[in-house]
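J.: Got a structure here, written out as structure tokens. Questions coming.
Each reported figure results from applying straightforward, stated rules to the coordinates on display, with no laboratory input. These figures come from a predicted structure and were not determined experimentally. Every residue, glycine as well, gets a Cβ built from its backbone with ideal geometry; the counts of neighbours run over all protein chains shown.
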Amino acid sequence: MKPGLLVLDFDGVVCDGIDEMVETSRRTLAELSGRDAPPDRRAELHTRFAALRPAIESGWEMVALYGLLLEQDAAADAGLRDVTRWAAARDAYLRAHALARGPIATTFDEVRARWMATNPRDWLTRHRFYPGIAEWLRALLAGEQLVYILSTKGKPFLEALLAWQTVPIPPDFVIGRSEPKREKWEVMRELLVMHGVAASDLWFVEDRLATLLDLRRHATDLARARVFLVDWGYVFPDRDPAAARAAGIPVLDLARATGPFDRWPA
């Protein structure tokens, strides 16, 4: 058994870019607000940010997270694991500093693009593809597996990273952030129609449990699709895999993911 259409999230499934995310967030916050983390706190903030990265859905939120961590005591971090409390804290931070989502998102992308343009080697090497993933993708493409990358990251950044790892996926098969925002299941519906694939032959791999649960709730026409939560990405390991299994969502480990499809969990 193999997928008729394989759709992969990028950050937390294909690539770990936590070092780049933290640094881009720091630079963006400094540019927008004039506030920067002193050098002797940057390692601490990196560790705290990485621990809370699973709460983040979109890049602009990372700037708010970095700013919030810069201000609050580490003892308060655990509360941000809850989606409702994180959203409330994020929005309160934006109000307190007269910041808005749109300008943050624009500046975040500009900072990232400048870094990539002025020092591409440094920018690229702040990322790492998960072990075996690049080789697996190359093998899938060589075997003519229909595979798409579907991410909330900007497409130019996705393409640069895939090219760096010599993954020869055609540009049309790399789908990045769109404005206005489109839900991933809306995009996947279109891909199924475009390629004449049945929903039951769609396999979707994601590291954000909320995305998979929302798909189940709001895209009942995709109920027969196979969805997987990865356990190696930006997940809360003490919570998300168990919650996925309780919801009937298979949890995929890296060794199985990069092996034969018939060994993937049912």
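J.: Quick one: what Rg and Dmax do you get for the chain from the alpha carbons, in Å?
T.: 18.5, 55
J.: Run the numbers on the chain and let me know its relative contact order in percent, using alpha-carbon pairs under 8 Å that are six or more apart.
T.: The normalised contact order for the chain reaches 27 percent.
J.: Sticking with this one: Listed highest first by mean packing, meaning other Cβ atoms within 10 Å per residue, what order do 132-140, 219-227 come in?
T.: Result, highest mean first: 132-140, 219-227.
J.: Continuing with the same structure: Between Asp238 and Ser58, what is the label-point separation in nm under the 7 Å Cα-to-beta-carbon projection?
T.: Between Ser58 and Asp238, the simple spin-label model gives 3.1 nm.
J.: Oh, and also: Would you mind checking the tilt of helix 83-96 against the longest principal axis of the Cα atoms of the chain, expressed as 0 to 90 degrees and rounded to 10?
T.: In the chain, helix 83-96 runs at an angle near 40 degrees to the longest axis.
J.: Follow-up question, since we're still on this one. Work out from phi, with θ = phi - 60° and the Karplus expression 6.51 cos²θ - 1.76 cosθ + 1.60, the ³J(HN,Hα) of each residue of region 116-132, listed in order in whole Hz, and give x for Gly and Pro.
T.: The phi angles translate into 5, 6, 8, 8, x, 5, 4, 5, 4, 6, 7, 10, 9, 7, 4, x, x Hz.
J.: Label points 7 Å out from Cα along the Cβ direction at Ala96 and Phe261: separation in nm?
T.: Those two pseudo-labels are separated by 4.9 nm.
J.: Let me know the Kirkwood hydrodynamic radius for region 186-266, please, with Cα pairs as the basis and the value in Å to one decimal.
T.: After inverting the mean inverse Cα-Cα distance, the result is 13.2 Å.
J.: Here is a further query. Compute the helix-to-body angle for 18-33: its Cα long axis versus the longest principal axis of the chain, expressed 0 to 90° and rounded to tens.
T.: It works out to around 40 degrees.
J.: Could you list which residues have their amide H under 5 Å from that of Val230, counting only those 5 or more apart in sequence or on another chain, with H placed in the peptide plane?
T.: Long-range HN contacts for Val230: Glu206, Asp207, Leu252.
J.: Using only Cα atoms and rounding to the nearest 10 degrees, what angle (0 to 90) does helix 42-52 make with the longest principal axis of the chain?
T.: Helix 42-52 sits at roughly 40 degrees to that axis.
J.: OK, next. Could you please report the charge total around Gly154, scoring K, R as +1 and D, E as -1 over all other residues with beta-carbon less than 11 angstrom from its beta-carbon?
T.: Result for the local shell: 0.
J.: Grab the other residues whose beta carbon is less than 11 angstrom from that of Arg126, score K and R as +1, D and E as -1, and report the net.
T.: Surrounding charge for Arg126 is -2.
J.: Run through the DSSP bridge list for the chain and note the antiparallel percent, rounded to the nearest 5.
T.: Counting only bridges with both partners in the chain, antiparallel ones make up about 10 percent.
J.: Okay, moving on. Taking the alpha-carbon distance from Lys2 and a cut-off under 26 Å, which lysines remain once sequence neighbours fewer than 8 residues away in the same chain are dropped?
T.: Lys184
J.: Moving on. Determine the distance separating the Cα centre of region 147-226 from the Cα centre of region 21-86; give it in Å without decimals.
T.: Taking the Cα centre of each part, region 147-226 and region 21-86 sit 27 Å apart.
J.: Can I ask one more? Between Asp16 and residues 5 or more places away or on another chain, which pairs have amide H atoms under 5 Å apart, with H built 1.01 Å from N, and which residues are they?
T.: Counting only residues 5 or more places away or on other chains, the set is Arg128, Phe129, Tyr130.
J.: Moving to a separate point now. Kindly rank 255-263, 203-211, 154-162, 240-248 from highest to lowest mean number of other beta carbons found within 10 Å of each residue.
T.: Averaged packing, sorted descending, gives the order 203-211, 154-162, 240-248, 255-263.
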